[in-house]
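Presented below is the structure to which this report refers.
The values are calculated or read from the model by the stated rules, or taken from the named source; none is laboratory data. Computed from a predicted structure; not experimentally measured. Positions of Cβ are backbone-derived with ideal geometry, glycine not excepted, and every protein chain shown enters the neighbour counts. All accessible areas refer to the heavy atoms of the entire protein, side chains included, with ligands and DNA or RNA removed. Shrake-Rupley method; radii C 1.70, N 1.55, O 1.52, S 1.80 Å.
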Amino acid sequence: MVTTKPAVRPANARFSSGPCAKPPTWTAKALSDAPLGRSHRAAEGKAKLKQAIDLTREILGVPADYRIGIVPASDTGAMEMAMWSLLGERPAEMVAWESFGAGWVTDVVKQLKIDATVHTADYGHIVDMAALNYDNDVVFTWNGTTSGVRMANGNAIPASRSGLTICDATSAAFAQDLPWDKLDVTTFSWQKVMGGEAAHGMIILSPRAVERLESYTPTWPLPKIFRLTKGGKLIEGIFVGETINTPSMLCVEDYLFALNWAKSIGGLDALRHRADANARAVWNFCAARDWIDNLAVDPATRSNTSVCLKFTDERITDGATFAKAVAKRLADASVALDIGAYRDAPAGLRIWCGATVETSDIETMLPWLEWAFMAEIATQ
């Protein structure tokens with residue numbers, strides 16, 4: 001047991017689940033080529049935006065006939081755009097096993113008032129995806145950022161489905177395998193696994209999703225920032241860098257740096273390997289101790305990015321207060337910043353293990369976690 005403060009601190013104490021740590025080679029000089037004070041519609045700006053789309057396709061292995069667009073308001077904006085533009089043509093299957101999935105349920109059931117069947121699971125568990133009706137449209141998260149529970153694979157999604165699959169993949173993209181043939185709409189943000197800046201989202205559309213957009217018009221009005229079609233046809237410019245609203249070219253430059261860094265280290269395979277190594281270090285730490293455990297019950301569904309933990313010591317009388325105190329001790333020691341559980345999640349910790357985090361920093365931080373636990377449990 002570590003009862004005295006460890007001597008070594010992590011080189012980077014940033015373990016936030018979004019915005020996440022920058023790539024390890026990042027410095028402010030990475031932004032020096034940003035076309036600041038210029039229109040994003042100028043040739044240079046459009047070229048940068050197109051490059052961001054092309055590199056995203058290359059690193060994620062997105063099929064050539066899928067469209068990729070940069071949209072406003074982060075992953076939330078991308079998901080809202082997808083739901084408000086595509087849903088309503090048929091009933092929906094809404095899937096939630098954590099906070100953000102529950103938010104999409106609220107949008108569809110209470111705001112859009114679509115005929116929907118809601119499937120839920122408690123934190124730490126996952127919905128049986130094989131039990132869904134894929135003749136309906138299905139809305140789900142791939143990786144539950146607030147629960148640390150992810151889909152192990154897409155095997156339950158039939159290739160011959162009639163409905164669309166709309167997937168919030170914001171904590172999965174660039175760290176987990178996404179089966180593109182099973183996903184009709186995929187969304188994520190730059191601030192997650194790649195460590196980009198907030199407020200910019202990505203939407204990826206399959207040919208089936210494009211067909212729906214061009215053949216179906218929702219009964220409700222669509223705000224300008226949600227409109228993907230004009231005159232019944234897809235607005236193709238959105239998918240070559242002609243964004244709906246004005247993007248930050250500083251943020252675009254930052255995302256380009258992260259994409260080029262990912263390419264330089266070996267692409268998606270290397271990113272996934274780094275995230276796996278980070279998560280495994282935390283899992284092994286928990287397996288060797290009886291006072292802390294992974295929130296995800298089934299090891300097959302444990303996230304390799306948003307690793308959520310729970311304290312299991314019976315001496316703890318107030319789990320939320322205890323977890324916050326441990327997180328504060330670590331933050332005050334400047335060894336682990338922003339690792340408290342999400343506000344709607346069970347009491348515990350959430351350690352980001354995505355690819356931009358160095359495994360050596362995870363391994364250096366963990367003895368501090370034990371020290372913080374021992375110091376706090378002594379007060380119980």
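Of note:
- Here Phe311, Phe285 are screened, and the one residue that is of a type in the set (Phe, Trp, Tyr), modelled with pLDDT of 95 or more, in contact with a strand residue (DSSP E or B) (Cβ under 9 Å, 6 or more places away or on another chain) and under 26 Å from Gly195 (Cα atoms) is Phe285.
- The condition of being surrounded by 22 or more Cβ atoms within 10 Å (Cβ to Cβ) and among the aromatic types (Phe, Trp, Tyr) holds for Tyr123.
- The residue pairs whose first member lies in the stretch 106-120 and is surrounded by fewer than 17 Cβ atoms within 10 Å (Cβ to Cβ), whose second member is part of a strand (DSSP E or B), and whose beta carbons are closer than 6 Å, counting only pairs six or more residues apart or on different chains, are Val109/Ala116; Thr117/Glu93; Val118/Met94; Thr120/Ala96.
- For Lys328, the conditions (1) within 22 Å of Gly196 (Cβ to Cβ); (2) among the basic types (Lys, Arg); (3) without any contact (Cβ under 8 Å) to a residue 40 or more places away in the chain are fulfilled apart from (1).
- Look at the stretch 21-44: where a residue is among the aliphatic types (A, V, I, L, M), no partner that is loosely packed, with under 12 Cβ neighbours inside 10 Å and at pLDDT 95 or above sits 6+ places away or on another chain with Cβ atoms under 7 Å.
- Those strands (runs of 3 or more DSSP E) of the stretch 287-380 in which 2 or more residues are open to solvent by less than 30 Å² (accessible area, probe 1.4 Å) and of a type in the set (Gly, Ala, Ser) are absent.
- Any hit, the stretch 9-22, residues being part of a loop (DSSP other than H, G, I, E, B), open to solvent by 80 Å² or more (accessible area, probe 1.4 Å), within 19 Å of Ala333 (Cα to Cα) and in contact with a helix residue (DSSP H, G or I) (Cβ under 8 Å, 6 or more places away or on another chain): yes
- Exactly one residue among Arg57, Arg38 is surrounded by fewer than 15 Cβ atoms within 10 Å (Cβ to Cβ) and either within 21 Å of the chain's Cα centre (by Cα) or outside any helix (DSSP H, G or I) (or both), and that residue is Arg38.
So that you can scan it fast, the table gives a plain yes or no per residue for (1) within 28 Å of Ser17 (Cα to Cα); (2) in contact (Cβ under 8 Å) with a residue 12 or more places away in the chain; (3) of a type in the set (Asp, Glu):
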{"position": "Arg161", "(1), (2), (3)": "no, yes, no"}
{"position": "Ala173", "(1), (2), (3)": "yes, yes, no"}
{"position": "Val185", "(1), (2), (3)": "yes, yes, no"}
{"position": "Met194", "(1), (2), (3)": "yes, yes, no"}
{"position": "Arg208", "(1), (2), (3)": "no, yes, no"}
{"position": "Arg212", "(1), (2), (3)": "no, yes, no"}
{"position": "Pro221", "(1), (2), (3)": "no, no, no"}
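- Number of the exception - Asp254 against (1) open to solvent by 60 Å² or more (accessible area, probe 1.4 Å); (2) under 20 Å from the mean Cα position of the chain (by Cα): (1)
- Thr146 vs. criteria surrounded by fewer than 22 Cβ atoms within 10 Å (Cβ to Cβ), farther than 21 Å from Pro207 by Cβ and of a type in the set (Val, Ile, Thr): no
- Scan of the stretch 149-162 for residues that are touching a Leu at 6+ places or on another chain (Cβ under 9 Å) and open to solvent by less than 20 Å² (accessible area, probe 1.4 Å), ordered by number: Val149, Gly154, Ile157
- Members of the stretch 245-275 that are aliphatic (A, V, I, L, M) and touching a residue at least 40 places away in the same chain (Cβ under 8 Å): Met249, Leu250, Val252, Leu256, Ala258, Leu259, Ala262, Leu268, Ala270, Leu271, Ala275
- Scanning the stretch 175-201 for residues that are in a loop (DSSP other than H, G, I, E, B), under 18 Å from Phe257 (Cβ atoms) and open to solvent by 10 Å² or more (accessible area, probe 1.4 Å) yields Gln191, Lys192, Glu197, Ala198, Ala199.
- Of the residues screened, Met81 is one that is part of a helix (DSSP H, G or I) and open to solvent by less than 10 Å² (accessible area, probe 1.4 Å).
- Members of the stretch 365-380 that are modelled with pLDDT of 95 or more and touching an Asp or Glu at 6+ places or on another chain (Cβ under 9 Å): Phe373, Ile377
- Boolean, Glu89 is open to solvent by 10 Å² or more (accessible area, probe 1.4 Å), over 21 Å from Pro247 (Cα atoms) and among the charged types (D, E, K, R): yes
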